[in-house]
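Here is the structure we will look at.
The values are calculated or read from the model by the stated rules, or taken from the named source; none is laboratory data. These numbers come from a predicted model, not from an experiment. Because the Cβ atoms are built from the backbone with ideal geometry, glycine has one as well, and the counts that use them run over all protein chains shown.
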């Protein structure tokens, strides 16, 4: 048994997860932690507002396996509840570390600044949006508590919360050097599960794999590729799982989005006699507003903690153990009868209309596809930038496809480029989302990052307008977006025609600065995917409005 300062132990554990920086905004209750972080030779990416801290840490976590937000108490922590709610909903392993008032004050009335109702208010709020939580007020159990929250965050791929009173940061804590044995994750039912899945595969004539977000969250991408290649299975990905399987792979046939997506792909998937769903949680958005027709008798659904085969449920079977065992049992000795055929399904092209001079959503996507390669990560906000962006060919695509919070795009693009500095972020964002968090451009400029921001400018909350109707409160003020980019140290141009957009994209590629393209599109120009989606949800909204 040795001794360590609490914060030293915490940051060493974080560094051991492969995390090389945190995201945050300094505040008085967290300043001792910032000093301790410097002592541990870690840096903080300081953002302009706490919601951006949460979004950036989320994107970093999706690529690195964990992201860390370092914020002050009350005014800082409570500002991040929405981004951490998003991370919980979309299974992103973000660790929130918050400073808080000294332990000696906690027996008094909560009359300190940043306090709300009680000293535990913030802790109680974060219990609702994190998988595990701790308040480090007892040095004797501090190591166990830090380990528990970090391990749970990694294992569940969901946020954790650590609150540290200011007088505990440099407290000496006992540290055990014993390595704890990981529990055996192979549930007793695993062999039975695998046997039933293989029997189903043997009798299938037209199977398809539906790859979801948990494939990437739990680092299973290469294993899924191996399984798919062994059986020559066709693969589709869900909206949240886009790029969980390489879109350049010959077995990839498209992004399945139920009735909102490519009709030909929808028909193929829903007519399959076996749908092997790996890491896809069938939420409202994943199932296209619950309109996807995935017959339960044909569905095998393996998620983080259970497997459902038809009408049989096997709780407690982890996805990683399921995939490992399935690959091992199939091995290299695959019966030729279990080699399947990959169909040739034509993608739904967003063909730019001929003869039109003004810029269109379809033209933006087509030109971006000509540019994209492995030097870029695509990060999208919510709206048609996301739904049209499903047609982009990329191996990294980060978006809030389920929780759907606006404001994600620009700060998440920064987090993605910090996580993968060899890849330049291409950020897709609507003008509504940009007006929430777009001034994080200044953070990109400060860090010397050079994301390309493509701003879909239709002067409105277009998705809401199409769900409902044209109302004044959906209108947005047009800003000088290109001018703002220049004002904070980047570069920017406005594009109103296809030719102007092509030139702007070429200039952005050749620029070493953060570069914004203000892509001005007509108010009624949306992708076929968004049109189908808004038609569906619009019927519900209009029925409620009356």
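Can you tell me which residue in region 62-72 is nearest to residue 25 (Cα to Cα), limited to those that are in contact (Cβ under 8 Å) with a residue 60 or more places away in the chain and crowded, with 24+ Cβ neighbours inside 10 Å? Before you say what the answer is, go through the steps one by one.
Residues of region 62-72 in contact (Cβ under 8 Å) with a residue 60 or more places away in the chain: 62-67.
Then keep just the ones that are crowded, with 24+ Cβ neighbours inside 10 Å; that gives 62, 67.
Working: 62: 21, 67: 15 Å.
Top of the filtered list is 67.
When the residues of region 3-29 are filtered to those that are modelled with pLDDT under 95 and part of a helix (DSSP H, G or I), which remaining residue is surrounded by the fewest Cβ atoms within 10 Å (Cβ to Cβ)? Here the residue is 28. Kindly establish whether residue 422 is more than 17 Å from residue 93 (Cα to Cα), out of contact with any helix residue (DSSP H, G or I) (no Cβ under 8 Å at 6 or more places or on another chain) and outside any helix (DSSP H, G or I). Considered against the rule, which asks whether it is more than 17 Å from residue 93 (Cα to Cα), out of contact with any helix residue (DSSP H, G or I) (no Cβ under 8 Å at 6 or more places or on another chain) and outside any helix (DSSP H, G or I), residue 422 comes out as yes.
Conditions tested, residue by residue: (1) crowded, with 21+ Cβ neighbours inside 10 Å; (2) in a strand (DSSP E or B); (3) outside the structural domain of residue 404 (by TED's automatic domain parsing).
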site	(1), (2), (3)
83	yes, no, yes
86	yes, no, yes
98	yes, yes, yes
109	no, no, yes
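Take residue 239 and tell me if it is touching a residue at least 60 places away in the same chain (Cβ under 8 Å) and under 22 Å from residue 204 (Cα atoms). So residue 239 fails the test. Residues of region 277-286 include at least one that is assigned to a strand (DSSP E or B) and crowded, with 19+ Cβ neighbours inside 10 Å.
In region 253-266, what residues are in contact with a strand residue (DSSP E or B) (Cβ under 9 Å, 6 or more places away or on another chain) and closer than 14 Å to residue 390 by Cα?
Keep residues of region 253-266 that are in contact with a strand residue (DSSP E or B) (Cβ under 9 Å, 6 or more places away or on another chain), which gives 253-256, 261-262, 264-265.
253, 254, 255, 256, 261, 262, 265, listed by residue number.
The criterion of being more than 25 Å from residue 537 (Cα to Cα), surrounded by 17 or more Cβ atoms within 10 Å (Cβ to Cβ) and touching a helix residue (DSSP H, G or I) at 6+ places or on another chain (Cβ under 6 Å) holds for residue 251.
Conditions tested, residue by residue: (1) surrounded by 14 or more Cβ atoms within 10 Å (Cβ to Cβ); (2) at pLDDT 95 or above; (3) assigned to a loop (DSSP other than H, G, I, E, B).
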{"position": "147", "(1), (2), (3)": "yes, yes, no"}
{"position": "152", "(1), (2), (3)": "yes, yes, no"}
{"position": "158", "(1), (2), (3)": "yes, yes, yes"}
{"position": "161", "(1), (2), (3)": "yes, yes, no"}
{"position": "164", "(1), (2), (3)": "yes, yes, no"}
{"position": "177", "(1), (2), (3)": "no, no, yes"}
{"position": "183", "(1), (2), (3)": "no, no, yes"}
{"position": "187", "(1), (2), (3)": "yes, no, yes"}
{"position": "196", "(1), (2), (3)": "yes, no, no"}
